[in-house]
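Structure record follows, encoded as structure tokens.
The values are calculated or read from the model by the stated rules, or taken from the named source; none is laboratory data. Computed from a predicted model, the values in this text were never measured in an experiment. A quick note on method: Cβ atoms are made from the backbone with ideal geometry, for glycine too, and the neighbour counts reach across all protein chains shown.
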Amino acid sequence: MTDLPPKPPEFDAAFREQLETLFVWRRDVRHFRTDPVAADLVEGLISQACLSPSVGNSQPWRFVLVEDAVRRREIRDNFVKANEAALGDYEGERAAAYAKLKLSGLDDAPTHLAVFVDKGTERGHGLGRQTMPEVLEYSGVAAVNTLWLAARAAGVGVGWVSIIDPDAVCETLAAPENWRLIAYLCIGYPAAAHRDPELQRAGWQSRGHLKDFLFRR
């Protein structure tokens, strides 16, 4: 007699409403408290991130906890240099608005996590990558999003630092040659929680509407 497959869970209306609430309150955090996040909680979030979908079941994500003070200082210097260069791309009122934005939580966030994708991984045996090789990186992005949601559900905030030189990060963290940086994340308890994006509150960019993004052919 063959074993029956496990019965899938039933997600009721209350759960679906809470899930939407989680999506709404999942924010890019830049203001952190400095008190640490327990190591087992951080590892639990990473473990949940590893449940994400990946092309060919390749599981290409590689997580690096950045704990060394010297390396953290190099990452912060990297950000400062990239941020100054980015400011030069704006003029007038937009430049003034950019200069006022807080664009990273590197100084206060107790946990720094770099997320890489191993482009040389043999897991998955190349399935699904022949026509769209970039889906390997998309798998890494999916893991970041899963971690982000899991963190918010645990009361922890995550900030994605994208104003940064990825090659310099790889050098700072001695990443293997086949690893590509997907995200540098700041993780910690938010100094304040908001349901709307910080850039919206700062007047940088309002949210669009479904009609702006949905097309039919």
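Inside the stretch 45-101, can you point out the residues that are over 23 Å from Val141 (Cα atoms), touching a helix residue (DSSP H, G or I) at 6+ places or on another chain (Cβ under 9 Å) and basic (Lys, Arg)? Answer for the stretch 45-101, where residues must be over 23 Å from Val141 (Cα atoms), touching a helix residue (DSSP H, G or I) at 6+ places or on another chain (Cβ under 9 Å) and basic (Lys, Arg): Arg71, Lys81. Among the candidates Arg180, Arg152, Arg129, the residue that is in a strand (DSSP E or B) and either of a type in the set (Lys, Arg) or in contact with a Phe, Trp or Tyr (Cβ under 9 Å, 6 or more places away or on another chain) (or both) is uniquely Arg180. Among the residues making up the stretch 109-125, those that are surrounded by 15 or more Cβ atoms within 10 Å (Cβ to Cβ) and on the phi < 0 side of the Ramachandran plot are Ala109, Pro110, Thr111, His112, Leu113, Ala114, Val115, Phe116, Val117, Asp118, Lys119, Thr121.
Can you tell me which residues in the stretch 72-117 are aliphatic (A, V, I, L, M), farther than 24 Å from Glu171 by Cβ and not in a helix (DSSP H, G or I)? Result: Leu101, single match. Exactly one residue out of Leu147, Leu199 is at pLDDT below 95, touching a strand residue (DSSP E or B) at 6+ places or on another chain (Cβ under 9 Å), surrounded by 11 or more Cβ atoms within 10 Å (Cβ to Cβ) and not basic (Lys, Arg), and it is Leu199.
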